[in-house]
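*Asks:* I'd like to ask some things about the structure below.
The values are calculated or read from the model by the stated rules, or taken from the named source; none is laboratory data. The model shown is predicted, which means the values in this text are computed figures rather than measured ones. Ideal geometry is used to build each Cβ from the backbone, glycine not excepted, and the neighbour counts take in all protein chains shown.
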């Protein structure tokens, strides 16, 4: 038997036997190393996949240029709101007065407001052309037109920065009152009889710290044309006070 044949026979005889220097601890360490290496490879693969997905979806979420929605929102928030014109502000206040008066007195068949620039009300016969509102107009006046069971009449409204005279406003009436408000404004109110058993004039004036004066006056006639004599005023001072103190109106 040759040496080669003897070697092959020996290999066949010990093929399934562990080597003489076999160490079980070394085998276990190798197995653990292979398992750790396999977990690391799997984690790297998952992270790589997530980065790939994010890189594909992120460009669609970010603005591509300055004209995108993100840029538009930034520009919109930084831009200031347009300034309301004096004419529009006066009409808005008039509409609010109409609404407030209509809620407090439901006997009116018709009710609307009309204002023009300037502290002196414009009477229809003298209004030959439309009034011109200045961009910085601070004073305006006009009427709250109303129609009740007696007929058409109006309340006079005046918003101005004139100097206020308490004596002139009260006219010597003993019923004239002055009340300081929480916002710092002062409310003046008066009802005049003028040798009549019924109230012939009711007026309120709200004087702001800024110098703005808001006056609302009711007469026993129609102040918009001087006609329509009545026994008494269509609106008493209590309702006039609620109008000039209406919380929904920013007079200034």
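*Asks:* Residue check: is residue 101 assigned to a strand (DSSP E or B), in contact with a helix residue (DSSP H, G or I) (Cβ under 8 Å, 6 or more places away or on another chain) and either touching a residue at least 12 places away in the same chain (Cβ under 8 Å) or within 23 Å of residue 230 (Cβ to Cβ) (or both)?
*Replies:* no
*Asks:* I'd like the residue in region 128-148 that is out of contact with any helix residue (DSSP H, G or I) (no Cβ under 8 Å at 6 or more places or on another chain) and in a strand (DSSP E or B) and, out of all such residues, is farthest from residue 93 (Cα to Cα). Don't jump to the end; show me each part of the working.
*Replies:* Restricting attention to region 128-148, the residues satisfying the condition of being out of contact with any helix residue (DSSP H, G or I) (no Cβ under 8 Å at 6 or more places or on another chain) are 128-132, 139, 141, 143, 145, 147-148.
Next, from what is left, pick out any that are in a strand (DSSP E or B): 141, 143, 145, 147.
Working: 141: 11, 143: 12, 145: 14, 147: 20 Å.
The residue in question is 147.
*Asks:* Enumerate the pairs (first residue in region 225-250 and more than 20 Å from residue 190 (Cα to Cα) and in the same structural domain as residue 202 (by TED's automatic domain parsing); second residue anywhere and in a loop (DSSP other than H, G, I, E, B) and at pLDDT below 95) with beta-carbon separation below 9 Å, excluding pairs fewer than 6 apart on the same chain, so at least 6 apart or on different chains.
*Replies:* As it stands, the answer is 225/123; 226/123, since those pairs meet every condition given.
*Asks:* In this structure, is residue 63 in contact with a helix residue (DSSP H, G or I) (Cβ under 7 Å, 6 or more places away or on another chain), outside the structural domain of residue 237 (by TED's automatic domain parsing) and modelled with pLDDT under 95?
*Replies:* For residue 63, the condition - in contact with a helix residue (DSSP H, G or I) (Cβ under 7 Å, 6 or more places away or on another chain), outside the structural domain of residue 237 (by TED's automatic domain parsing) and modelled with pLDDT under 95 - is met.
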